[in-house]
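Read-outs throughout are calculated quantities, based only on the coordinates presented, and are distinct from any laboratory measurement. Remember, predicted model here, so these are calculated numbers, not experimental data. A quick note on method: Cβ atoms are made from the backbone with ideal geometry, for glycine too, and the neighbour counts reach across all protein chains shown.
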Amino acid sequence: MKELVEVIARSLVDHPDEVAVTQNENEKAIVLELRVAQSDMGKVIGKQGRIAKAIRAVVKAAASKEDKKVIVEIVQ
């Protein structure tokens, strides 16, 4: 899942070197924290959050094959 989010985010931003994804697991779910350059935040979130929703939908679909719950958080 982590690699999937990295690939999607790197293709969207102007500074792909600054994309970082950290994975934290707890009892309920896997939490993926996506960090990008400040100037690229708008490109990852999109207008009205549409790109962020699309990223979450793709990850959710991939996680459903493995019967896992994955949460994608975009942090600064």
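Odds and ends about this structure:
- Applying 0.36 nm per residue to the separation of residue 26 and residue 68 and subtracting their alpha-carbon distance, the gain on full extension is 14.0 nm.
- Length released on extending from residue 38 to residue 53, taking residue separation times 0.36 nm less the Cα-Cα span: 3.5 nm
- Rg then Dmax, both in Å and based on the Cα atoms of the stretch 2-75: 11.9, 35.
- The stretch between residue 15 and residue 3 holds 2.6 nm of extra length on full extension. This uses 0.36 nm per residue minus the Cα-Cα distance.
- Cα-based helix-to-principal-axis angle, 50-64 vs the chain, degrees rounded to 10: 30
- 25 Å Cα-Cα reach of residue 47 towards lysines, excluding residues that sit fewer than 8 places from it in its own chain: 2, 60
- Those GluC sites (Glu not before Pro) in the stretch 27-76 that DSSP places in a loop and that have at most 11 other beta carbons within 10 Å: 27, 66
- Where both bridge residues fall in the chain, DSSP classifies roughly 50% of the beta bridges as antiparallel.
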